Amino acid sequence: MLDEIAADIRKALQTRSFSGSLKFDCGEAGVIVLAEGTASTIDRETDCTLRLSLENLVSLLKGKLNPMMALATGKLKLSGNPAVAMGLAKLLG
């Protein structure tokens with residue numbers, strides 16, 4: 001599942017830019033790292049980490065989960081540079 005999501009993000013990165021590095025940490029399900037113009041499922045250090053369940057990641061990427069509401073309700077936890085996370089909106093837009 002994460003491989004498919006990473007592939008979709010790679011497609012988006014072909015036409016949109018993303019600055020910095022960001023990790024979606026889905027716990028035991030794995031990670032997706034956006035860095036250097038691509039997306040992969042290989043874990044590494046990033047400027048910003050978003051911790052959430054795989055189910056919430058899917059909802060977030062489909063636009064069904066509001067990121068601010070997810071932060072407020074604890075469905076999403078952010079660590080690192082929040083400005084990098086804000087750039088995600090441009091990528092997903």
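Per residue, what accessible area does the chain have, given a 1.4 Å probe and all protein chains present, in Å²?
On a per-residue basis, 60 Å².
Would you mind calculating the gained length between Ala7 and Leu92 on full extension (0.36 nm times residue separation, minus the Cα-Cα distance), in nm to one decimal?
29.2 nm
How large is the dipole of the chain about the Cα centre if only Lys and Arg carry +1 and Asp and Glu carry -1, each at its Cβ, rounded to the nearest 20 debye?
380 debye
Where both partners of a DSSP beta bridge lie in the chain, what percent of those bridges are antiparallel, to the nearest 5?
Working: 11 of 15 bridges.
Taking every DSSP beta bridge with both residues in the chain, the antiparallel ones total about 75 percent.
Whenever you get a sec, line up Asp25, Asp8 from highest to lowest accessible area (probe 1.4 Å, protein heavy atoms). Could you put the intermediate results ahead of the total?
On the way: Asp25 35, Asp8 95 Å².
The residues order as Asp8, Asp25, largest area first.
In segment 1-73, which trypsin sites (Lys or Arg not before Pro) are in a loop and have at most 13 other Cβ atoms within 10 Å, using DSSP for the loop call?
Counting only loop positions with at most 13 other Cβ atoms within 10 Å, the trypsin sites (Lys or Arg not before Pro) in segment 1-73 are Arg16, Arg44, Lys62, Lys64.
The values are calculated or read from the model by the stated rules, or taken from the named source; none is laboratory data. Note that the structure is a prediction, hence the values are computed from the model and not measured. Neighbour counts run over all protein chains shown; Cβ positions are idealised from the backbone, glycine included. Each accessible area value is taken on the protein alone, full model and side chains, heavy atoms only, with ligands, DNA and RNA left out. Shrake-Rupley method; radii C 1.70, N 1.55, O 1.52, S 1.80 Å.
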